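Some notes on the structure that comes next.
The values are calculated or read from the model by the stated rules, or taken from the named source; none is laboratory data. Keep in mind that this is a model prediction, so the values were computed, not measured. Here Cβ is always computed from backbone atoms with ideal geometry, including for glycine, and neighbour counts include all displayed protein chains. Ligands, DNA and RNA are stripped out before the accessible areas are found, and what is left, the full protein with its side chains, is counted by its heavy atoms. Shrake-Rupley method; radii C 1.70, N 1.55, O 1.52, S 1.80 Å.
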Amino acid sequence: MNDRFAEGIKVIVPCGSLGAGVREEEIAYGLARGAHAIASDAGSTDSGAAYLALGKSKNNRGAVKRDLTILMKAHAKTGIPILIGTSGQAGGDLNLEWTRDIVVEVAAELGISPKVALLHSEQDKETVKRLNAAGRIRPLPPLGALDEATIDECDHIVAVMGVEPFVAALEAGADIVLGGRTTDPAVLASYPIWKGAPWGPAWHAGKTGECGAQCAEGRDGAGVLLTVRSDGFEVEPLSDHNRCSPHSVSAHMLYENTDPYRLTEPGGIVNVTQASYVQSDQRTVKVTGSQWEPKPYTMKLEGAGGGRFQTLMLVGVQDPDVLADVDGFHDKLLAALYERTRSTIPADELGDFHISLRMYGWNAVSGRPLPEGTPPPPEIGMLFVSTAATQEVANAIAHACNPYFFHYPADMEKELPSYGFAFTPADVPRGRIYEFKLNHVVEVDDPLELVRIEWVDLGEARKSETREVAHG
Amino acid sequence: MVKVRDVCRHIRSKQAGPYWVTFDIFFDGPESYRKYHASTALSSDLFARLYGTNADMVKTIPVEDLCMVKISYPRATPQGGMEERDMHSGQQYVRLLDVELI
């Protein structure tokens, strides 16, 4: 670390995920404290496989553009780089291109021409098959060995990057680095590592800051400032309403991990077994003792694909006979719906199908029996879900079941009841089910082996944008 | 009989990647932690029974400094799959609240 970093290497983490709401006053605070870089992730696997399979973002375009505008203004004013990991929610090429287009648009609006690097980590299926055949891919529990059919079931496959591709882009002069799929800590650790910070504190700082102000007490703020030094790191919330405590900082190591002491990352393990957390001023915690254990370089592979299709119906039920025995009603109705489906749709059309009823207000979330003597709820929302090989068949099942779902009586001796449909048409085609198919690691010879760096020529991008507008 | 909810100040559940669910069980102080964190009531079998997971795969890591124990299990059904009811696994902890500790 040279003299410029006598006060430590400072990274603004503006929010937990790009698009979540960057605050201008927090960025101003971080810049006033002498920040050297801005870094944030923009997604993860948390919200499911659809975002990778479809190449879509969960956050809306306006929110991401708003956040990027604030960050790019900060860059224009100070020249400090912006690093984004897991662009567009899932980090596939489509997600990355979606984010690139927003950056190009903002640059044009601000009249700036930053040097933008795109880190592609999406893998084509032939590459994954070749690596698999070479014995370089191994499963992570609970999955088993990878077969070719599983690779073919994926719509998109990404390799999860560590710090090295970001360091390479910074080394080549990038002002803005848009990463494909990246581990959350890596995007935050990469700038300090590029500037020579020790890897243990840099990685541990990255893990601590991954969700922005979530490592602070009180959540009235979005971001944190990380300061990595030769002997450890400090973390301070960007909002002066918030404070970090040794407890809030150490407790964040528990978040979304199965092991709070050792985190496996590309190229090594972050070991915090010996870490100590001390309050260094009212709002800041200093952490020392974090270690990095280098390992043979591996990257995680994530692959997602679409499966069968679903159709939904929802009714509200206040009928006292139903509420007096919700479980019994559920079982009788479900059996009747299966029978009705089989008797109205020919078996060869129907294929393999599934129906479930989820009793919201009773046991929909757990699907488990409730303790005996649980009092009846005042009402339930009953969700019908049909699953079939095509959307048409899933819809047909809902159509076949509609009369029973609307009228089925708890007491057969009584007149037909009518339940509370919320919509017309009553059925809602939901589309496909998306699942992760790969959760494997691949051994690579070089951290950049599966990464392609592309540079955006903002002059060219603007020219082509102008042409599109002219033709459009 | 003491229940989990009686001796904990906070319990949460969350996914840890698409294939794992993790629980953070924060006891209400060092005394409760010492007394209950290794209770056989919180053994792998409990998670097999309540969540349909494989008992051999359940991971338990106590964190003494935070008076908490972290317990994780692999999901029995795929995240976002046909029978999904809790994408982020954020409500799974509720089943633990009334578990009786020995």
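Annotation note: of A:Ala394, A:Ala389, the sole residue that is closer than 24 Å to A:Ala49 by Cβ, modelled with pLDDT of 95 or more and open to solvent by 40 Å² or more (accessible area, probe 1.4 Å) is A:Ala389.
Say we look at the range A:364-379 and pick out the residues that are within 14 Å of chain B (Cβ to nearest Cβ) and in contact (Cβ under 8 Å) with a residue 40 or more places away in the chain; which of these is surrounded by the most Cβ atoms within 10 Å (Cβ to Cβ)? The extreme case among them is A:Leu370.
Residue-wise test of (1) touching a Phe, Trp or Tyr at 6+ places or on another chain (Cβ under 8 Å); (2) over 27 Å from A:Ala32 (Cβ atoms).
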residue: A:Val160; (1), (2): no, yes
residue: A:Pro185; (1), (2): yes, no
residue: A:Cys211; (1), (2): yes, no
residue: A:Gly221; (1), (2): no, no
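For the range A:62-88, a tally of residues being open to solvent by 10 Å² or more (accessible area, probe 1.4 Å) and touching a Phe, Trp or Tyr at 6+ places or on another chain (Cβ under 8 Å) returns 1.
The rows are residues; the columns are (1) at pLDDT below 95; (2) open to solvent by 10 Å² or more (accessible area, probe 1.4 Å); (3) not hydrophobic (A, V, I, L, M, F, W, C).
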{"residue": "A:Pro14", "(1), (2), (3)": "no, no, yes"}
{"residue": "A:Glu24", "(1), (2), (3)": "no, yes, yes"}
{"residue": "A:Ala28", "(1), (2), (3)": "no, yes, no"}
{"residue": "A:Arg33", "(1), (2), (3)": "no, yes, yes"}
{"residue": "A:Ile38", "(1), (2), (3)": "no, no, no"}
{"residue": "A:Asp46", "(1), (2), (3)": "yes, yes, yes"}
{"residue": "A:Tyr51", "(1), (2), (3)": "no, yes, yes"}
{"residue": "A:Leu54", "(1), (2), (3)": "no, yes, no"}
{"residue": "A:Asn59", "(1), (2), (3)": "yes, yes, yes"}
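Could you tell me whether A:Ala336 is surrounded by fewer than 15 Cβ atoms within 10 Å (Cβ to Cβ) and either in a strand (DSSP E or B) or in contact (Cβ under 8 Å) with a residue 60 or more places away in the chain (or both)? Judged against the criteria, A:Ala336 is a match.
I'd like the residue in the range A:427-442 that is among the hydrophobic types (A, V, I, L, M, F, W, C) and more than 11 Å from every other protein chain (Cβ to nearest Cβ) and, out of all such residues, is farthest from A:Ile355 (Cα to Cα). So the residue we want is A:Val442. Under the condition of being touching a residue at least 60 places away in the same chain (Cβ under 8 Å), open to solvent by less than 70 Å² (accessible area, probe 1.4 Å) and more than 14 Å from chain A (Cβ to nearest Cβ), the residues counted in the range B:38-85 number 2. Checking the structure you have, find out if any residue of the range B:29-37 is under 15 Å from the mean Cα position of the chain (by Cα) and either of a type in the set (A, V, I, L, M, F, W, C) or at the interface with chain A (Cβ under 8 Å from one of its Cβ atoms) (or both). No, the conditions are met nowhere in the range B:29-37. Residues in the range A:127-156 that are closer than 22 Å to A:Arg432 by Cα and of a type in the set (Ser, Thr, Tyr): A:Thr150 only. Checking each residue in the range B:1-21 for being in contact with a helix residue (DSSP H, G or I) (Cβ under 8 Å, 6 or more places away or on another chain) and open to solvent by 30 Å² or more (accessible area, probe 1.4 Å) picks out B:Val2, B:Arg12. Just one of (1) modelled with pLDDT under 95; (2) within 12 Å of another protein chain (Cβ to nearest Cβ) fails for A:Thr424. It is (2).
Would you mind stating whether A:Leu334 is in contact with a strand residue (DSSP E or B) (Cβ under 7 Å, 6 or more places away or on another chain) and either within 30 Å of B:Glu64 (Cβ to Cβ) or at pLDDT 95 or above (or both)? For A:Leu334, the condition - in contact with a strand residue (DSSP E or B) (Cβ under 7 Å, 6 or more places away or on another chain) and either within 30 Å of B:Glu64 (Cβ to Cβ) or at pLDDT 95 or above (or both) - is met. Quick one: which residue in A:Gly144, A:Gly135 is open to solvent by 20 Å² or more (accessible area, probe 1.4 Å), within 14 Å of chain B (Cβ to nearest Cβ) and free of Cβ contacts under 8 Å to residues at least 40 places away in the same chain? Step by step, each of A:Gly144, A:Gly135 is checked, and only A:Gly144 is open to solvent by 20 Å² or more (accessible area, probe 1.4 Å), within 14 Å of chain B (Cβ to nearest Cβ) and free of Cβ contacts under 8 Å to residues at least 40 places away in the same chain.
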